[in-house]
Each structure stands twice: as C-alpha cells, then as structure tokens.
Amino acid sequence: MIVDALPLSRAAVDRAAEHRPDGLAHALAEPSTRVLLVDDGSVLTDEAFDLLLLSPDEARALVADPVASHVDERAEHTVSPDGRVAGGLSSDAAAVPTASPEGTDTDGLWLLLGRDADGTAYAARRVLGRRPAPATGSASDVLVHAAAGAPDSADPPPTPLPPGARWSSLRVVGATLSARDAGLATSAVALDAWHARHPRCPRCGAATVATQAGWVRACTVDGSEHYPRTDPAVIMAVVDDADRLLLGHATAWAAHRWSTLAGFVEAGESLESAVRREVREETGVVVDTVEYRGSQPWPFPASLMVGFRAHARSTDVAVDGVELESARWFTRAELRDAVAAGDVIPPGPSSIARALVEDWYGGRLPAGPEV
Ligand SMILES: [Zn+2]
C-alpha cells in the first residue's frame with residue numbers, strides 16, 4: 001500500500017475532535033501550544049523550510065491580533081449580520097460578522113488542529129490579506145493586516161517576519177516536512193481555504209461565523225451548520241496487458257510535463273465509474289478492473305485524490321484535444337530514458353501521481369537532467 005509514502009497523507013497528531021467546543025480557548029491559554037501561520041496555500045517556515053511553530057503569544061505579537069473583526073479579502077463578498085451583502089472587498093469592519101450565540105470570530109482566525117501524545121496542542125493562525133503573495137516566500141516578506149486595500153491610519157503597521165522566516169507553498173514543502181508537520185500544515189491549509197470561500201450560508205445567503213475551533217461555520221440567521229468541503233477526485237495509473245503505463249500531457253501544462261490521468265467525481269457517481277469514465281473521455285481507452293492504491297488530501301483548495309491502478313482492455317489512444325493534448329503508453333525502459341533525457345518531466349515528489357507512477361515502475365524514477 002502506498003498511502004504512507006505520500007507526504008501530505010501522513011498524520012501524527014490526534015485531531016481531538018471531541019475537545020473542539022471549548023478546546024481552542026484552553027489551547028490558546030497554554031504557553032506550550034504550538035501555532036503555525038497559514039495563508040492561501042502557504043505556511044510560515046524557517047530557512048531550512050521546516051514549519052515555524054510559535055507560542056500563542058508569539059503568534060499574536062506577529063500578527064498583532066487586535067481588532068474585533070477582520071475582513072477576509074479573499075471572500076467575494078462580506079455580509080452584514082442581518083444578511084445584507086456588501087459587494088466586493090469591503091474595508092468596512094462593521095460589515096463583517098463578529099459573533100454569534102455559538103461562536104466568535106476567534107474560531108475563524110485560530111484553528112485547533114489537535115494534540116499529540118504528550119498533550120501538546122497544535123493550532124493554526126490564519127493570516128488574512130497578506131500582500132504581496134510570493135509563491136515560495138522571501139525573508140523580506142511582511143505581514144500586512146486585514147483591510148489593507150486602502151491606507152488607513154488605524155491599521156497597525158506591517159510586522160516584519162522573524163529572521164529567516166519565509167512563506168512556503170505547501171505544494172513545494174509538503175514533500176520534505178516531517179510526518180507531523182505535513183499533517184498539521186495540510187489541515188491548516190484546507191481549513192483556511194474553506195473559510196476563505198464560505199463566508200455565506202448556502203441555504204439563505206446570510207453571514208456565517210466559525211465555531212467549533214474553526215471546524216464548523218454556523219449561519220447567523222437560520223442557525224444551520226456547515227462543514228469543510230472535500231471534493232473527491234480520482235487519479236489512476238492505467239496499465240495494459242504488456243505492462244505499459246498510460247500517461248497524458250494536458251493542454252494547459254508546460255512542455256514535457258506528463259502525468260497520470262485524473263478527474264473529479266461527478267454527483268451520484270462511484271469512484272470506479274469515475275475512473276472508467278475519465279479514462280475513456282480523455283483517451284478513448286476502455287478500462288475494466290480498478291484497484292484502490294491509496295489517497296492523498298490535496299487542499300488546493302479542497303480535493304481528496306483517490307488513487308487507483310486500472311487495467312486497460314483496449315490500447316488505442318484518441319485524445320480529446322481539449323483537456324489532453326496527447327497521451328501515450330510507456331514501457332519502464334522508455335519512461336526511464338525519457339525522464340533521464342528530460343523529454344518527460346514526471347509529477348512532483350509530493351504528489352500521489354508520482355507515487356502511482358513509481359508504484360508501477362517498481363522504484364524511484366531517475367533524476368532528470370540538470371537545468
Ligand atoms: Zn442561513
């Protein structure tokens with residue numbers, strides 16, 4: 001089974017869900033609690049790209065946690081407590097919900113991730129409105145506070161990051177973080193993305209506020225509760241009777257980038273049916289048996305990649321030209337030589353796609369040529 005080989009699938013901290021109702025306040029009152037900072041797919045790391053874990057006070061000082069409410073600049077709209085939608089990116093703090101009978105805005109900014117076997121709590125602090133947003137971060141980054149769109153003397157000044165600290169995309173550092181830290185960062189990135197995209201109630205359109213240490217959003221009007229979304233996607237290593245692997249090159253990708261086929265599961269569809277449908281739609285290849293190989297959370301923003309080995313009953317390839325530009329079969333020797341020559345750039349090392357390819361290949365792929 002390949003699950004444990006996947007960087008973002010590893011978890012070593014108990015999620016402690018039963019303690020969420022009052023767990024956040026307790027955790028933030030404990031100096032031993034470790035806090036990571038998260039924003040838009042990135043986490044704060046040190047120079048060695050290890051997760052930077054702070055005490056609650058250190059995290060508060062860094063983000064200068066002062067005000068009663070925060071504008072989430074990534075939300076399409078902000079909504080007033082009585083349900084009025086204030087269009088666009090409002091800097092009017094009064095337009096943002098701050099509390100409900102069940103929760104406070106604290107639950108949406110601080111996320112309780114769990115506790116380890118020693119009882120140490122782990123939390124994440126969302127950093128809203130960081131500007132600019134570098135892909136991998138640099139030491140000169142500053143934390144810019146919410147409502148940073150228009151200059152306002154009431155805004156606290158940007159806080160410099162600690163020496164050596166940098167914002168790092170989880171896509172990049174996920175492969176090298178420890179099992180514990182990869183699990184923490186993955187949950188934090190997933191929850192952050194969900195909060196940013198779900199400011200409103202899907203039933204009535206009114207404001208929602210976070211409760212349950214950041215794991216639930218509750219409607220301020222009808223009280224309905226909403227949970228983090230996970231959208232399943234299938235990803236598959238399709239293998240024929242000659243033990244060749246089918247890889248595709250998507251129209252949107254850079255030259256030489258090849259990977260396994262993948263696609264989202266449609267409403268009412270089984271995983272196995274989704275595998276067969278996607279392979280047939282994208283390449284014309286008919287698949288019969290489908291075998292589960294492992295899964296990987298992919299919180300960009302809300303996917304769960306479910307990985308399979310699939311057996312091809314046919315081998316003629318006819319790409320649609322829309323999603324896929326080309327697809328072809330590789331023997332192990334062909335793939336090895338193509339990767340070594342730089343003619344094929346395989347999927348990244350933190351991805352389940354890479355794990356599925358190497359599961360078929362029987363070991364690590366060779367390194368590509370130095371660029
Ligand atoms: Zn509602």
Verdict on residue 310 being more than 28 Å from the chain's Cα centre (by Cα) and surrounded by 15 or more Cβ atoms within 10 Å (Cβ to Cβ): no
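Name the residues in the range 221-230 that are under 26 Å from residue 268 (Cα atoms), crowded, with 16+ Cβ neighbours inside 10 Å and within 14 Å of the ligand (Cβ to nearest atom), would you?
Residues of the range 221-230 under 26 Å from residue 268 (Cα atoms): 224-230.
Narrowing the set further to residues that are crowded, with 16+ Cβ neighbours inside 10 Å leaves 226, 228.
If the condition is that a residue be under 26 Å from residue 268 (Cα atoms), crowded, with 16+ Cβ neighbours inside 10 Å and within 14 Å of the ligand (Cβ to nearest atom), then 226 is the only one that fits.
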Residues located in the range 29-50, provided they are modelled with pLDDT under 95, buried (at least 22 other Cβ atoms within 10 Å of the Cβ) and more than 15 Å from the chain's Cα centre (by Cα): 45
Cβ-Cβ below 8 Å, separation at least six or inter-chain, first residue in the range 194-209 and without any contact (Cβ under 8 Å) to a residue 60 or more places away in the chain, second near the ligand (Cβ under 7 Å from one of its atoms): which pairs? 201/219; 201/221; 201/222; 201/224; 203/219; 203/222; 203/224
So which of 200, 171 ends up being away from the ligand (no atom under 16 Å from the Cβ) and either open to solvent by 40 Å² or more (accessible area, probe 1.4 Å) or among the hydroxyl-bearing types (Ser, Thr, Tyr) (or both)? 171
Which members of the range 245-280 meet the condition of being buried (at least 21 other Cβ atoms within 10 Å of the Cβ) and assigned to a strand (DSSP E or B)? 245, 246, 247, 248, 259, 261, 262
Being of a type in the set (A, V, I, L, M) and within 26 Å of residue 266 (Cβ to Cβ): is that true of residue 344 here? no
Tell me which residues, restricted to the range 203-220, are away from the ligand (no atom under 16 Å from the Cβ) and not in a helix (DSSP H, G or I). 215
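Just one of 242, 233 is away from the ligand (no atom under 14 Å from the Cβ), over 26 Å from residue 125 (Cβ atoms) and loosely packed, with under 15 Cβ neighbours inside 10 Å; which is it? Steps first, answer last, please.
Numbers: 233 fails: loosely packed, with under 15 Cβ neighbours inside 10 Å.
Checking each option against the conditions leaves just 242.
Here's the yes/no breakdown for (1) part of a helix (DSSP H, G or I); (2) touching a residue at least 40 places away in the same chain (Cβ under 8 Å):
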position	(1), (2)
282	yes, yes
310	no, yes
315	no, yes
337	yes, no
357	yes, yes
363	no, no
369	no, no
Evaluate the range 221-238: report whether one residue or more is farther than 18 Å from residue 348 by Cβ, part of a strand (DSSP E or B) and aromatic (Phe, Trp, Tyr). no
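The values are calculated or read from the model by the stated rules, or taken from the named source; none is laboratory data. Not measured: the values here are computed from a predicted model. Cβ atoms come from the backbone with ideal geometry, glycine included; neighbour counts cover every protein chain shown. SASA here: full protein model, heavy atoms, side chains in, ligands and nucleic acids out. Shrake-Rupley method; radii C 1.70, N 1.55, O 1.52, S 1.80 Å.
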